[in-house]
Amino acid sequence: MYKVSEKPLVSKEEIEKRLIVLAKEVDASGEYDLVLGVLTGAFIVVADLVRNLSCNPNISFIKASSYGNSTESSSVVVQGLEKLCLENKRILLVDDILDTGKTFFALVEQLKKLGAKTVKTCVLLDKPSRREADIEADFVGFSIENKFVVGYGLDYAENYRPLNGIFTLEPSE
Ligand code: IMP
Ligand code: MG
């Protein structure tokens, strides 16, 4: 069994502060037509990030699920791309966490195939020690060590998404 850490790894206040700076970095990097969030985990970070941006992009969400251990992009199944018009769009792809990188690697490839003009990537959290696919995010909120984290949109078996801050999951007696 697991329990959530008493103290947050990253507090709500730290996230709020960091997102203001991160939004400035995004604004300074150019214009975006579309902020594309990866469901379900990215719903909170997208909501908080876009309200700190000075540009006024469209906002959409897609769903990505990964299967197996293959580094092939075919192991990531994406839902929701078909209804989006991506032709010539400058896209900011946003997720809660960059882990092995397989999800972002596959998504960036698909968005480009569908005609996106540019694809930049943004994550609240990055676990660089877990990387398997050849990808780094353009904008990173916090780089963390290899711990399973929940809260602020991130789940364990669909639980803990509403927690106000990032917490680690620890074994309980
Ligand atoms: P990747 O393809 O391995 O980079 O997977 C990224 C996805 O895995 C994220 O969108 C999350 O849904 C999930 N994930 C990875 N690490 C964690 C974690 O520590 N807590 C919760 N979800 C995670
Ligand atoms: Mg996810």
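The values are calculated or read from the model by the stated rules, or taken from the named source; none is laboratory data. Just so it is clear, the structure is predicted and the values come from calculations on it, not from any experiment. As a convention, Cβ positions derive from the backbone with ideal geometry for all residues, glycine included, and neighbour counts pool all protein chains shown.
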Check: For the stretch 83-105, which residues satisfy the criterion of being among the polar types (S, T, N, Q) and away from ligand 2 (no atom under 11 Å from the Cβ)?
Finding: ASN88, THR100
Notebook entry, point to check: Which of the residues belonging to the stretch 11-39 are more than 26 Å from ILE91 (Cβ to Cβ) and surrounded by 12 or more Cβ atoms within 10 Å (Cβ to Cβ)?
Noted result: SER11, LYS12, GLU14
Checklist line | Selection within the stretch 126-173 - on the phi < 0 side of the Ramachandran plot, touching a Gly at 6+ places or on another chain (Cβ under 8 Å), touching a residue at least 40 places away in the same chain (Cβ under 8 Å) and not small (Gly, Ala, Ser) | finding: GLU132, LEU154, ASP155, ARG161, LEU163, ASN164, ILE166, PHE167
Checklist line | Scope the stretch 136-173; condition closer than 18 Å to LEU22 by Cβ and among the β-branched types (Val, Ile, Thr); matching residues | finding: VAL140, ILE144, VAL149, ILE166
Notebook entry, point to check: Can you spot a residue in the stretch 72-95 that is surrounded by 22 or more Cβ atoms within 10 Å (Cβ to Cβ) and closer than 22 Å to SER11 by Cα?
Noted result: yes
Next item on the list: Kindly indicate whether VAL123 is assigned to a strand (DSSP E or B) and touching a helix residue (DSSP H, G or I) at 6+ places or on another chain (Cβ under 6 Å).
Entry: no
Check: Which ones in the stretch 47-61 are closer than 13 Å to ILE91 by Cβ and touching a strand residue (DSSP E or B) at 6+ places or on another chain (Cβ under 6 Å)?
Finding: PRO57, ASN58, ILE59, SER60, PHE61
Margin query: Being within 16 Å of ligand 2 (Cβ to nearest atom) and modelled with pLDDT under 95 is true for just one of VAL45, VAL78. Which residue is that?
Written below: VAL78
